[in-house]
Amino acid sequence: MKGGELIAQYLVQQKVPYVFGICGHGNVGMLDALHGLRDKIKLVSPRHEQCAGHMADAYFRVRHSPVATLTSTGPGSANMVMSLATALSDSSAFLAITSNVPTSQMNRAPFQELYTHNQADFPNVLRPVVKRSFQPTRVDMLPLALRQAFDTMVTGRPGPVNVDVPYNVYQEEADVAVPARAHPLGMHRPAASASDIAAVIGLLGQARRPVIFIGHGATLSESGPELSALTQRLCVPVITSPNGMGCVAADDALTLGFIGRNGAYPANQAGRHADLVVTIGARFDDRSSSSWHAGYSWNFPKTKLVHVDIDPQELGRNYPPDIGIVADAKTFCAQLLAAIEGDGKLAAGRFAGWREQVAAWRREWEAFVRPNFGAATTPLRPEFVVGALHDVLPDDAILALDSGVHHNWFMQFWKPRRPQSMLNSWGYSSMGFGVCGILGAQLAAPERPCVAVVGDGGFTMTPYVICTAVEYDLPCVWVIWNNFAWAAIRDIQYGMFGGRELGTTFYRGGQEPGAERYNPDFAAWARAAGADGVTVTRSSDLRDAMAQALRNRRPCVIDVHVDAEVRPPSTGTWQLPPTPFKEPAFGAPWIA
């Protein structure tokens with residue numbers, strides 16, 4: 001069997017339906033092998049390798065089943081660094097098959113070889129951005145490498161894995177067999193010990209103001225049913241990271257949303273005043289912890305902390321836990337729920353006073369923000385855009401968000417109705433993830449509406465996605481948050497550098513006083529590529545434009561002109577040392 005044939009057959013055996021990749025001289029042998037199995041596995045070729053990686057990443061976030069990417073030698077594979085870093089940062093998995101120079105030419109500096117420190121050294125380029133890299137240099141090394149690669153991707157904390165294949169290995173033959181099928185995600189679910197569960201029950205018994213904080217680990221474990229049962233049994237509030245949103249019902253009175261600088265006020269208040277935090281699958285990064293300033297989002301070490309994560313490296317990274325538990329989120333929640341049911345001391349009414357306080361904070365927040373959701377303006381207010389999309393999109397819609405100021409608004413106010421339906425580049429915050437990832441989401445869920453909300457800057461970086469959508473008949477909708485600026489960074493300049501701005505607003509003719517703001521006609525751009533395109537400058541037109549796009553089931557760009565002078569109301573803080581941090585715009589910090 002040829003090496004390329006072995007790889008292709010193993011992908012089919014693993015039930016991988018797609019390879020996202022771009023041709024090159026280094027991978028034509030693999031393309032030939034895929035041609036022979038094109039009735040069982042489909043090659044989808046976007047117009048940029050980074051896009052292929054983001055597509056594979058988003059596919060996994062929707063389905064929790066990995067697909068593969070394929071890139072050629074040199075620059076094509078180097079373009080994968082961004083998407084691999086994005087996936088690794090957010091615990092998302094895909095198999096990145098990269099190509100390298102023939103083994104007979106290694107260390108002779110052939111076309112596109114990296115050889116300064118080691119022959120065919122490309123795996124060291126990817127080493128910081130993958131969970132593991134394999135470089136089989138003979139066909140008979142492929143079976144072990146492929147099986148280990150798939151197991152590594154989905155065992156424990158998921159992450160992307162690289163298999164770097166020399167050109168000749170695709171085409172050379174050996175007497176090999178397709179290896180056994182690897183384990184699927186969730187096959188290995190480590191549990192907490194009985195003593196740890198008992199200790200958690202003890203802390204809950206002492207607490208008066210407990211909260212549960214969930215992150216992507218809870219989503220990846222598909223622990224929503226167990227988490228929902230646990231929170232309803234205890235009747236305690238739940239705070240979420242962006243990648244934990246949707247894991248529990250967003251419209252439940254106990255679900256407080258995101259925490260941090262651009263989090264919801266009730267979430268920050270609950271985090272500040274809690275006397276116990278049970279954290280499941282979250283890592284307390286700077287944005288969800290108000291840069292670790294006590295009293296702004298959390299109040300450790302005065303607040304007791306139970307930290308549960310499948311990755312032992314995350315336990316105590318930023319806050320030393322009172323109890324640290326290496327366990328799968330779904331398994332832990334089921335264990336804790338069973339222990340509470342058998343204990344009898346944690347009655348549902350125990351935290352009634354705490355719930356009343358949380359409800360009061362919710363009312364305060366709603367009274368402050370809700371009037372702006374109905375404000376009809378030109379350009380559109382950000383709150384109106386979020387609210388209008390929430391009204392029009394059906395419950396099963398998948399929303400992919402790019403990096404930018406629009407993401408702050410959606411973190412604060414979006415209420416996802418299902419798990420795995422709000423896709424964020426959180427840890428690495430990559431421009432292009434939302435723009436490209438929605439293509440992979442649509443392939444993962446072809447029957448569901450897939451909508452990307454992206455900045456004008458991020459879309460301009462990756463406009464080729466429209467070509468791919470038209471080519472493969474993917475009815476994705478892109479809502480461009482058009483504020484004529486790199487507005488998130490412009491707002492940092494305004495807030496931290498006395499209003500001095502440089503390089504963050506798009507002007508025609510340069511940054512001169514009175515210069516006209518500039519962006520291309522995004523709707524015309526879409527139509528030129530064969531998609532639908534519409535420009536929205538009035539609030540009254542947005543709902544109809546989105547509803548029509550959903551009915552058409554065609555690739556569509558909706559260019560929405562959004563007021564760049566309205567900023568998300570901060571309810572926590574965030575710091576870029578040594579620049580001083582800002583106080584919350586709504587709500588004050590509290591330290592016990």
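The values are calculated or read from the model by the stated rules, or taken from the named source; none is laboratory data. Treat the numbers as computed from the prediction; the structure is a model and nothing was measured. Methodologically, a virtual Cβ is constructed for each residue, glycine included, from the backbone with ideal geometry; neighbour enumeration extends over all protein chains shown. What goes into the accessible areas is simple: the full protein's heavy atoms, side chains included, and nothing from ligands, DNA or RNA. Shrake-Rupley method; radii C 1.70, N 1.55, O 1.52, S 1.80 Å.
Of TYR296, ALA270, GLY246, whose Cα points farthest to the positive end of the dipole of region 239-297 (charges on the beta-carbon: +1 Lys, Arg; -1 Asp, Glu; origin at the Cα centre)?
TYR296
Determine the distance separating the Cα centre of region 264-337 from the Cα centre of region 116-133; give it in Å without decimals.
Centre-to-centre (Cα) distance: 34 Å.
What does the accessible area of LYS302 come to, in Å² to the nearest 10, when a probe of 1.4 Å is used?
So the heavy atoms of LYS302 present about 130 Å² to solvent.
When the accessible area of region 406-467 is computed with all protein chains present and a 1.4 Å probe, what percentage of it is carbon and sulfur?
55 percent
Can you give the Rg and Dmax of region 512-592 based on its C-alpha atoms, in angstrom?
For region 512-592, the Cα radius of gyration and maximum Cα-Cα distance read 19.7, 59 Å.
Apply the Karplus curve 6.51 cos²θ - 1.76 cosθ + 1.60, θ = phi - 60°, to the phi angles in region 298-307 and return the couplings in whole Hz, x for Gly and Pro.
10, 9, 6, x, 5, 7, 6, 10, 10, 10
What's the Cα-based Rg to Rh of region 59-190, Rh via Kirkwood?
0.98
Rounded to the nearest 20 Debye, what is the dipole magnitude of region 17-158 about its Cα centre when Lys and Arg each give +1 and Asp and Glu each give -1 at the C-beta?
Here the size comes out at about 260 debye.
What percent does the relative contact order of region 312-458 come to when contacts are Cα pairs within less than 8 Å and at least six residues apart?
Relative CO of region 312-458 lands at 20 percent.
If you put +1 on each Lys and Arg Cβ and -1 on each Asp and Glu Cβ, how big is the dipole of the chain around its Cα centre, in Debye rounded to 20?
880 debye
How many Å² of accessible area per residue for region 98-233, probe 1.4 Å?
Here the per-residue accessible area is 45 Å².
Which value, in Å² and to the nearest 10, is the accessible area of THR573 when all protein chains are kept and the probe is 1.4 Å?
My reading of the accessible area for THR573 is about 0 Å².
Given a 1.4 angstrom probe, I'd like the percentage of the accessible area of region 44-121 that is carbon and sulfur, rounded to a whole number.
The nonpolar share, carbon plus sulfur, comes to 46 percent.
Give the Kirkwood hydrodynamic radius (Å, one decimal) of region 261-342, defined as one over the mean of 1/r across all pairs of different Cα atoms.
For region 261-342, inverting the mean 1/r across all distinct Cα pairs yields 13.3 Å.
Eigenvalues of the Cα gyration tensor times 5, then square-rooted: what semi-axes does that give for region 19-77, in whole angstrom, largest first?
Taking √(5λ) for each Cα gyration eigenvalue gives 19, 16, 8 Å.
Shape verdict for region 108-180, please, from the Cα gyration tensor: rounded (a/c under 1.5), prolate (a/b greater than b/c) or oblate.
Oblate is the answer for region 108-180, as a/c is 1.5 or above yet b/c matches or exceeds a/b.
Using alpha carbon centroids, what distance separates region 520-581 and region 40-86, in Å?
Their Cα centres are 25 Å away from one another.
How big is the convex hull of the Cα atoms of the chain, per residue, in Å³?
Once divided by residue count, the hull of the chain is 159 Å³.
For ASP164, list long-range residues whose amide hydrogen, built 1.01 Å from N in the peptide plane, is under 5 Å from its own amide hydrogen.
THR98, PHE134, GLN135
Run the paramagnetic zone check for ILE489: 7 angstrom along Cα to Cβ, then residues of region 455-475 with backbone nitrogen under 16 Å.
455-462
Please list TYR464, TYR494 from largest to smallest accessible area, probe radius 1.4 Å, with all protein chains kept in place.
Reading off the accessible areas and sorting them downward yields TYR494, TYR464.
So which chymotrypsin sites (Phe, Trp or Tyr not before Pro) in region 314-386 pass both tests, a DSSP loop state and at most 10 other Cβ atoms within 10 Å of the Cβ?
none
Could you work out the mean projected area of the convex hull around the alpha carbons of region 336-395, in square nanometres to one decimal?
So the Cα hull casts an average projection of 6.9 nm².
For n ≥ 4 DSSP H runs only, could you compute -39500 (n - 2.57) per run for the chain, divide by its residues and tell me the 222 nm figure to the nearest 500?
Result for the chain, helices only: -11000 deg cm²/dmol.
Can you give the Rg/Rh ratio of region 236-285, where Rg is from the C-alpha atoms and Rh is the Kirkwood radius?
In region 236-285, Rg relative to Rh is 0.91.
Measuring from label point to label point, each 7 Å out along Cα→Cβ, what is the LYS345 to PHE586 span in nm?
3.9 nm
So what does LYS40 come to for accessible area, using a 1.4 Å probe and Å² rounded to 10?
130 Å²
Tell me, what is the percent relative contact order of region 380-442, built from C-alpha pairs under 8 Å that lie six or more residues apart?
39 percent
Straight-line reach from LYS42: which aspartates and glutamates fall under 15 Å, measuring Cα to Cα and dropping same-chain residues less than 8 apart?
Once the sequence-local aspartates and glutamates are set aside, what remains near LYS42 is GLU5, ASP32, GLU471, ASP473.
Can you compute 3J(HN,Hα) from phi for each residue in region 481-491, using the Karplus curve 6.51 cos²θ - 1.76 cosθ + 1.60 with θ = phi - 60°, rounded to whole Hz and x for Gly and Pro?
Each residue of region 481-491 in turn: 7, 8, 10, 6, 6, 7, 5, 4, 7, 4, 5 Hz.
Quick one: accessible area per residue over region 511-592, 1.4 Å probe, rounded to a whole number of Å²?
52 Å²
Given the Cα-Cα distance of ASP251 and TYR507 and 0.36 nm per residue of separation, how much length would full extension add, in nm?
Between ASP251 and TYR507, full extension yields 88.0 nm more.
Which three semi-axes in whole Å describe the equivalent ellipsoid of region 158-273, each the square root of 5 times a Cα gyration tensor eigenvalue, listed largest first?
Here the semi-axes work out to 42, 19, 12 Å.
Over region 298-401, what percent of the accessible surface lies on carbon and sulfur atoms, probe 1.4 Å?
Heavy-atom surface of region 298-401 belonging to carbon and sulfur, 1.4 Å probe: 52 percent.
List the cysteines in the chain whose Cβ has no other cysteine Cβ under 4.7 Å from it.
Among the cysteines of the chain, those whose Cβ sits 4.7 Å or more from every other are CYS23, CYS235, CYS247, CYS333, CYS450, CYS467, CYS476, CYS556.
Report the far tail of the P(r) of region 396-537, meaning the percent of Cα-Cα pairs longer than 19 Å.
55 percent
Distance in nm between label sites at ASP32 and ASP395, each 7 Å beyond Cα in the beta-carbon direction?
5.2 nm
Does region 181-247 classify as rounded, prolate or oblate by the C-alpha gyration tensor (a ≥ b ≥ c root eigenvalues; a/c under 1.5 gives rounded; else a/b over b/c gives prolate, otherwise oblate)?
Note, shape of region 181-247 comes out oblate.
Quick query: amide H of VAL19 versus all other amide H atoms, modeled in the peptide plane; which residues come in under 5 Å with a sequence gap of 5 or more or a different chain?
Excluding prolines and chain starts, which carry no amide H, the hits are LYS42, LEU43, VAL44.
Quick one: ranking GLU113, GLU366 by accessible area, 1.4 Å probe, largest first, what do you get?
Listed by decreasing accessible area, they come as GLU366, GLU113.
Which FRET efficiency value, to the nearest 0.05, is calculated for LYS415 and ALA180 with the Förster distance at 45 angstrom and r the Cβ-Cβ distance?
That pair, LYS415 with ALA180, gives E of 0.55.
Which pairs break 29 Å Cα to Cα here: LYS15/LYS131; LYS304/LYS330; LYS345/LYS415; LYS40/LYS415; LYS302/LYS415?
Over 29 Å Cα-Cα: LYS345/LYS415; LYS40/LYS415; LYS302/LYS415.
Compute the relative contact order of the chain as a whole-number percentage, counting only Cα pairs closer than 8 Å that sit 6 or more residues apart in sequence.
Relative contact order, the chain: 14 percent.
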